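Notes for the one structure printed next.
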C-alpha cells in the first residue's frame, strides 16, 4: 500500500493493488474518489512509488520524501531523480539507524550510470527476481561504478531481444 498526504488540502491518497483513491475531508464528512491517474497493474510497489512521485510532481509539489527500508527503492530513486523535476529525499533504515538522503545531490562517477540502474535493479534482485547470494544492491552498485564498460553492458538490459536461429 502506498499513500501520501497533502496537509494543505487535508487529502489522503491510497493505492491498493491496481486501484487508487483520494480521501478528502471538509471537516465534517470524508469523501472518497477514484484516482484514475494512479491506477496501475504494476506488480512491484518499488516502481509504483515513482508513478505516485510523478503524480505528486504534476500536482505542483517541488519535493517529496520516500520512507523505506528497501534498498530497491534507493537504487530506483537514483534513476528516477533524473526523470522527475521534484527533489527526492529518501528516508532509509529502521529505528535509530534511519538516515535521510538528498537523492538529487548524488553525483555519479560516470554520467551514463543512472541509465543502467533499472537493469542493476532487475539483475541484482528485485521483488520478482532472485538476488545473488550474499551480494546486495550497494555492492553491485560499487562494482558497476568501477568500470564504465559494466555500466554500458547493464544499460543494454531490456533494450534488445537477441534470437539465435539454428
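Structural remarks
- Condition check for residue 81: without any contact (Cβ under 8 Å) to a residue 12 or more places away in the chain and in contact with a strand residue (DSSP E or B) (Cβ under 7 Å, 6 or more places away or on another chain): no
- Candidates 53, 71: the one that is assigned by TED's automatic domain parsing to the domain that holds residue 147, in contact (Cβ under 8 Å) with a residue 40 or more places away in the chain, closer than 29 Å to residue 148 by Cβ and within 13 Å of the chain's Cα centre (by Cα) is 71.
The values are calculated or read from the model by the stated rules, or taken from the named source; none is laboratory data. Keep in mind that this is a model prediction, so the values were computed, not measured. No Cβ is skipped: glycine too gets one built from the backbone with ideal geometry, and neighbour counts run over all protein chains shown.
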